[in-house]
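Here the structure is laid out as C-alpha cells; the discussion comes afterwards.
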Amino acid sequence: MLLITNNIQPSSIAACTNISVFIESSSDDESEEEYPERRNESTTDLPSEYWQIQKLVKYLKGGNQTATVIALCSMRDFNLKLETCQMAIKDVGGLELLINLICTEDVKCKIGSLKILREISENAHIRLSIVDLGGLEELVKILQDGAMELKCLAAETIANVAQFRRARRQEMFINTS
C-alpha cells in the first residue's frame, strides 16, 4: 500500500503496476509514518512461518468444517503480531476468508476467525483491508445478534479497526442506517 498526499498527482504513477493508491488529505489525523511503505522482500528472505501460514490459509480455502477449525487453531499458534505473519495471511487471500468465516453459522469458525482478526487488526494495512473488504459491516452484525463471546471479540476487533479514520466514518454510517 502506497500512501499519497494531495500534493502528488496520482496520474504520475498510473503507469505503475501492483500499487494500490490511497489518497489522504494532509488534514487527517493519521500521519504517513503510521503507514510505512511495505518493502519488497525476495522470497528467499521470508521466514518459514510465512510459508507455513500460507499453507494453513490454503486449508481454510479447501477444507471441511473440521479442517477449517484445526487450521484456525494452528494459525493462532504463530505470533500473529509479526508483520511477516500478518502479510502471509493477507498475501494469499486469507483476510477475505477470515471475514467470510465470521458470516458462517458455525460458532467455532466464527470464534477462531475473530480471534485472528482481533490480533492482526492492530496492523494499519490490515485495518485498511478489513474496511475495504466490508468486514466492518459483518462485525457490526455480530454485535447486534451474536453470542456474548462473539460480541466481545467483534467489539475488540472493531476497536482496533476504528483507529483508522475512514473506518470511523464508515462505522458511523453503518450505525445510522
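Values computed for the structure shown
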read-out: Test: residue in the stretch 87-96 that is within 15 Å of Glu156 (Cβ to Cβ), in contact with a helix residue (DSSP H, G or I) (Cβ under 7 Å, 6 or more places away or on another chain) and among the β-branched types (Val, Ile, Thr); value: no
read-out: Output for the stretch 136-166, where each listed residue is closer than 22 Å to Gly94 by Cβ and in contact (Cβ under 8 Å) with a residue 40 or more places away in the chain; value: Ile142, Leu150, Leu153, Ala154, Thr157, Asn160, Val161, Phe164
read-out: Test: residue in the stretch 37-44 that is open to solvent by 90 Å² or more (accessible area, probe 1.4 Å), of a type in the set (D, E, K, R) and either modelled with pLDDT under 50 or in a helix (DSSP H, G or I) (or both); value: yes
read-out: Filter result for the condition that a residue is open to solvent by 70 Å² or more (accessible area, probe 1.4 Å) and either closer than 17 Å to Ile111 by Cβ or free of Cβ contacts under 8 Å to residues at least 60 places away in the same chain (or both), over Cys85, Cys73; value: Cys73
read-out: Those residues of the stretch 82-94 which are over 12 Å from the mean Cα position of the chain (by Cα) and more than 9 Å from Ile53 (Cβ to Cβ), in sequence order; value: Leu82
read-out: Some residue of the stretch 46-69 being at pLDDT below 90 and over 30 Å from Leu150 (Cα atoms); value: yes
read-out: Selected residue (criterion: surrounded by the most Cβ atoms within 10 Å (Cβ to Cβ)) from residues of the stretch 88-113 that are among the polar types (S, T, N, Q) and in a helix (DSSP H, G or I); value: Ser113
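The values are calculated or read from the model by the stated rules, or taken from the named source; none is laboratory data. Every value quoted in this text rests on a predicted model; they were computed, and no experiment measured them. Cβ coordinates were reconstructed from backbone atoms using ideal geometry, including for glycine residues, and neighbour counts include every protein chain displayed. Accessible surface is based on the protein model in full, side chains and every heavy atom, while ligands, DNA and RNA are left aside. Shrake-Rupley method; radii C 1.70, N 1.55, O 1.52, S 1.80 Å.
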